[in-house]
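Engineer: Take a look at this one; I'll ask things after.
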Amino acid sequence: VTEPWNAVADFVHTATGLAFPAGRRRILEDGCVQTMRAHRCRDPDAFLGRLHAEPELFDDLVSAITIGETYFFRHAEQLAVIRDVILPDLLASVRDRPLRIWSAGCATGEEPYTLAILAHEAGIANRVHIVATDISRQALRLARVARFREWSLRGTPAAMRERYFERREEGYELVPRIRDLVEFRYLNLAADAYPALSTATWGMDLVLCRNVLIYFDAASAAAVASRLLESSSECGWLVLGASDPLLEGRLDVDVVATAAGLVYRRKGRSGTSPPAAPAVAIARPHPRPIVTAAAPPPPQPSQPPQAPQPRQSPTQAPPRGREVEPPLADAARERYAARDYERAAELSAQAVEGGTVDPAAWIVLVRSLANLGRTVAAARYCAAAPEDPAIAAERAYLEATLLVQLDRGEEAMRAARHALYLDRSFVMAHFALGDALARSGDREGARRSYRNAHELLAGLPPASPVPAADGEPAGRLRLLAATQLKLLEGAA
Ligand SMILES: C[S@@+](CC[C@H](N)C(=O)[O-])C[C@H]1O[C@@H](n2cnc3c(N)ncnc32)[C@H](O)[C@@H]1O
């Protein structure tokens, strides 16, 4: 019997960590058939080739084969431990800085939104920043919409339904004050870089990764858990699901027994908090638009990037000229600062497609797409951005960061070095070069880059903003550089 799906299973395993033993094989096969049909592909070999080459097709397969089962207030005993033990401990440790919480493998959002409700109930909603990530873009799209069916609320106490949901024809809508507490991002736990600034996954005080590792093989699960611990702050906690593999004995962690089972903490934490600083990413102020006499024609990307559809097609005489156009780019910046990356991408795409005279609009577009996990489109726009001195260094840095994520190491190094040639003191470019070198196996080179970043940051007050760092202050970045240096030592 030929087994057409073996190669696909191997590829998926390498790319995502997901294992498909005999008992779960059917899920993979059904997912392949469904995805092939949707992409008009008949031959499994051709399908495998396209999986390698087409990120969208790969995403669709991943959405089809991942188990997105989840509901609000899942595992109530564990939530009680979070509310009664972990949050009070964290509040005491971090003193006045915001708490950073990460729901890794968040599916359609019920888990991070539950955490947001807990924070709201505890009166600390204005002190938490919740990041939620998943590999399924389809799940993330639904999560952002925040409309749920009755089934998702099956564990929700009546008082919570009453307070935080509005009845709609087809289910329930979460109230905006809870919805807006959570930032959703794409992240592949098996492949993407974390802890990393570029994915906002660093210095987390509480990491929940529940009912995700259960689908991984043992080695991948341990590797993910270890990186999740590295992503936690010094006072941070890691909470897995009740059926997830136990870490005790597999990893060097502190294990804390609670009424709802084991939870974990990074070994040897000092209990001191990282420097007080705003932890929520905010956009750095961009330079004002440089208005030239004639707007330069927009350079055409080599292939049409998969950007959000501009509301107005470029052929329909888009608004041009400085009276009408800067507000568009300003609005995009404003949505970016509010972390509304969908809208920021839409508005900046409109500005860019309309031949904007504001080069910073390209940067907003690239950053928004990158934050939405649309790395390929972001990289294409980055390559097509105008050669304008006002954005040249940041553009080269973003290009480097994106190319690292796309595993194009050599080009990433070139781009990072170019950014540094333009500005030797560009801290973020040192980080990007370090990331690219570390991935290529050049540990000594990576160490040099992180050390450069560390030294530059040592000269800055901890709370001062750092250019192109999305609001991350110098103090937190310095800790990141120190963490990267420690990780390199560990790898050696
Ligand atoms: C069963 S749901 C868990 C949802 C939630 N954490 C809970 O416990 O209710 C598992 C989620 O893990 C996600 N997932 C699987 N592999 C992943 C990977 N490599 N990276 C990120 N997310 C992944 C799936 O897409 C799915 O949404």
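Engineer: With a/c under 1.5 counting as rounded, go ahead and sort segment 392-492 into rounded, prolate or oblate using the C-alpha gyration tensor (a ≥ b ≥ c being the square roots of the eigenvalues; past the cut-off, prolate if a/b is larger than b/c, else oblate).
Structural biologist: oblate
Engineer: When a/c reaches 1.5 or more, the comparison of a/b and b/c decides; with that in mind, is segment 118-220 rounded, prolate or oblate per its Cα gyration tensor?
Structural biologist: It comes out prolate by the Cα gyration axes.
Engineer: Antiparallel as a % of all DSSP beta bridges within segment 203-272, to the nearest 5?
Structural biologist: Counting DSSP beta bridges with both partners in segment 203-272, the antiparallel share is about 55 percent.
Engineer: So which trypsin sites (Lys or Arg not before Pro) in segment 105-201 are both in a DSSP loop and have at most 13 other Cβ atoms within 10 Å of their Cβ?
Structural biologist: Arg149, Arg154
Engineer: If I stretch the segment between Glu169 and Ala257 completely, what's the gain in nm (0.36 nm per residue apart, minus their alpha carbon distance), one decimal?
Structural biologist: Value of the extension gain: 27.3 nm.
Engineer: Can you compute the modelled spin-label distance between Ser243 and Arg343, with each label point 7 Å from Cα toward Cβ, in nm?
Structural biologist: Going from the Ser243 label point to the Arg343 one covers 3.9 nm.
Engineer: Would you kindly state how much longer the chain becomes between Phe11 and Leu422 on full extension, computed as 0.36 nm times their sequence separation minus their alpha carbon distance, in nm to one decimal?
Structural biologist: The span from Phe11 to Leu422 would gain 144.0 nm if fully extended.
Engineer: Looking at segment 408-476, which GluC sites (Glu not before Pro) are DSSP coil and have at most 11 other C-beta atoms within 10 Å of their C-beta?
Structural biologist: none
Engineer: Kindly identify segment 1-139 as rounded, prolate or oblate by the Cα gyration tensor criterion: order the square roots of the eigenvalues as a ≥ b ≥ c, call it rounded if a/c is under 1.5, otherwise compare a/b with b/c, prolate if a/b is larger, else oblate. Write out the running numbers ahead of the final one.
Structural biologist: Numbers: a/c = 3.25, a/b = 2.75, b/c = 1.18.
Cα axes put segment 1-139 in the prolate bin.
Engineer: Still on this structure: Which of the GluC sites (Glu not before Pro) found in segment 1-84 are loop residues per DSSP with 12 or fewer other Cβ atoms within 10 Å of their Cβ? Display every interim value, and only then the final one.
Structural biologist: Numbers: sites: Glu29, Glu56, Glu69, Glu77; in loops: Glu69.
Hits after loop and neighbour filter: Glu69.
Engineer: Under 8 Å for C-alpha pairs, at least 6 residues apart: give me the relative contact order for the chain, rounded to a whole percent. Let's see the in-between values first.
Structural biologist: Working: 809 pairs, mean separation 52.0, N = 492.
Relative CO of the chain lands at 11 percent.
Engineer: In nanometres, what is the gap between the two model label sites at Glu410 and Arg154, each 7 Å from Cα along Cα-to-Cβ?
Structural biologist: Roughly 5.4 nm, to one decimal.
Engineer: Once you have the Cα-Cα distance between Ala76 and Arg37, take 0.36 nm times their residue separation minus that, and quote the gain in nm to one decimal.
Structural biologist: 10.1 nm
Engineer: Quick check on the chain: of the DSSP beta bridges with both residues there, what percent are antiparallel, nearest 5%?
Structural biologist: 45
Engineer: How high is the relative contact order of segment 89-173, in percent, counting Cα pairs under 8 Å that sit 6 or more residues apart? Write out the running numbers ahead of the final one.
Structural biologist: Numbers: 87 pairs, mean separation 24.5, N = 85.
Here the relative contact order equals 29 percent.
Engineer: Please report how far the C-alpha centroid of segment 206-238 lies from that of segment 5-63, rounded to the nearest whole angstrom.
Structural biologist: A separation of 25 Å, based on Cα centres.
Values in this text are rule-based calculations from the coordinates and carry no lab data. Predicted, not measured: the structure shown is a model, and the values here were computed from it. Counting neighbours? That spans all protein chains shown, and the Cβs are built from the backbone with ideal geometry, glycine included.
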